[in-house]
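Every number here is computed from the coordinates shown, using simple stated rules; none is lab data. None of these values were measured; they are calculated from a predicted model. Reconstructed Cβ throughout: ideal geometry from the backbone, glycine too, with neighbour counts over all protein chains shown.
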Amino acid sequence: MHKLQPLALYIHWPFCLSKCPYCDFNSHVRASLDEDSWEEALLKELDHTAKRIGARQLTSIFFGGGTPSLMRPQTVGALINRALYYWPATSSLEITLEANPNSVEVGRFQDLRGAGVNRVSIGVQALNDADLKQLGRQHDANEAMAAITTARNIFERVSFDLIYARPHQSLDAWQQELTQALSFGTEHLSLYQLTIEPGTAFAPMYERGDLIIPSEDLAADLFELTQSQMTAAGLPAYEISNHAQIGCESRHNLSYWHYEDYAGIGPGAHGRITLAGRKFATKQYRAPETWMTAVMNGSGEEESLCLSSEEQATEALMMGLRLTSGIQLSSFPFLENTVMNSAALNILVDSGYLILTETTLKATPLGLQCLNAVLRRLLSPS
């Protein structure tokens, strides 16, 4: 029997109650929404995508945003059921929904579980009220802690996010916060270093000197503390910012990092789909209303580009080297002869940033800490 190619499905809900000052995601605030129309549009685009892709085996569904916990559970359930209509699922199908810990959204957890969600990822970001306020979050620390506890009683798998290297954060404060985070007993934590992204509200504040974040040296110390404390607690890093008990890694995100096929629907969603042996990069229209109009006229897809071997190799490197396990070279036989600067590769290996064996290429802990610089060097022209 012919084995179906695996597929991960990403569904983007672009709406939030407010825009966080550090966020550069495709998220929008609207005074009101016609959710019936949004459900119809997402289902219509899912229909279009399924007909284009054909038979696959569904490994994961991820509702991201924006704030998908603002969606009606019935909309979530309708999308899950439609996806399962088109694609048979693995026995371990992971269905994740990103949620904020506001009490209104937490009140939907039971109904979201009933709709089919079996994993929730909660955007906590900090466990003290002062930092939550500075980060523009709409919840307080007590709400966050209550949300984690509630989620653990409802969902099979729970993860939550924290941001570190926040303004005025010390090593001792972060160590205490990590200890508190670990006390909830979740099997997965996403721990992101604060970066100042262009176009965010934080960017002009940072440029004026009104927002002071830890120095590069302190940020490096915070990173190293994170790695050691999480490893000691049994949640080692499997990717730069993601930590899990063995076997509890996010299956959906592993699809990205292993450079496997995934389909993206909803405003601004991206996909990587193999069709007739060729890999395509897809992108949906970014603005919600533009996307909605496009869907009603046929499809929300703005572009679909066939990727060259060199482009695929570059993407596979940029994604795979984020994993602590690195890249299995047998999966990408074209890597070494296409985009990697062999002289730079040797220097990076000799300098302790990369490890290269006959089967694997991976970043060392030092290399992971400055991976963007490593990639720039590795991908530089010969």
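Normalised by the number of residues in the stretch 6-255, what is the relative contact order in percent for Cα pairs under 8 Å and 6+ residues apart?
18 percent
Which value in Å does the Kirkwood hydrodynamic radius of the stretch 309-382 take, with 1/r averaged over all unlike C-alpha pairs and then inverted?
Here the Kirkwood hydrodynamic radius works out to 11.9 Å.
Hydropathy at least -1.0 by Kyte-Doolittle, axial extent at least 30 angstrom from the Cα trace: which helices of the chain, defined as entire DSSP H runs, fit?
none
Dipole of the chain (Lys/Arg Cβ +1, Asp/Glu Cβ -1, origin at the Cα centre): which of ALA130, ALA99, HIS168 lies farthest to the positive side?
So the residue furthest toward the plus end is ALA99.
Whats the longest run of the chain with zero GluC sites (Glu not before Pro) that are DSSP loop and have at most 14 other Cβ atoms within 10 Å?
157-335
Scan around GLU302 for amide H atoms under 5 Å from its own, H built in the peptide plane at 1.01 Å from N, and keep only partners 5 or more places away or cross-chain.
Result for GLU302 returns LYS283, GLN284, TYR285.
Please give me, ordered by residue number, the chymotrypsin sites (Phe, Trp or Tyr not before Pro) of the stretch 288-357 that lie in loop per DSSP and have at most 14 other Cβ atoms within 10 Å.
PHE334
Please give the calculated 222 nm ellipticity per residue for the chain, where each DSSP H segment of at least 4 residues contributes -39500 (n - 2.57) and the sum is spread over every residue; nearest 500 deg cm²/dmol?
-11500 deg cm²/dmol
In the stretch 319-382, which trypsin sites (Lys or Arg not before Pro) fall in coil by DSSP and have 11 or fewer other Cβ atoms within 10 Å?
When the trypsin sites (Lys or Arg not before Pro) of the stretch 319-382 are filtered for loop state and at most 11 Cβ neighbours within 10 Å, nothing remains.
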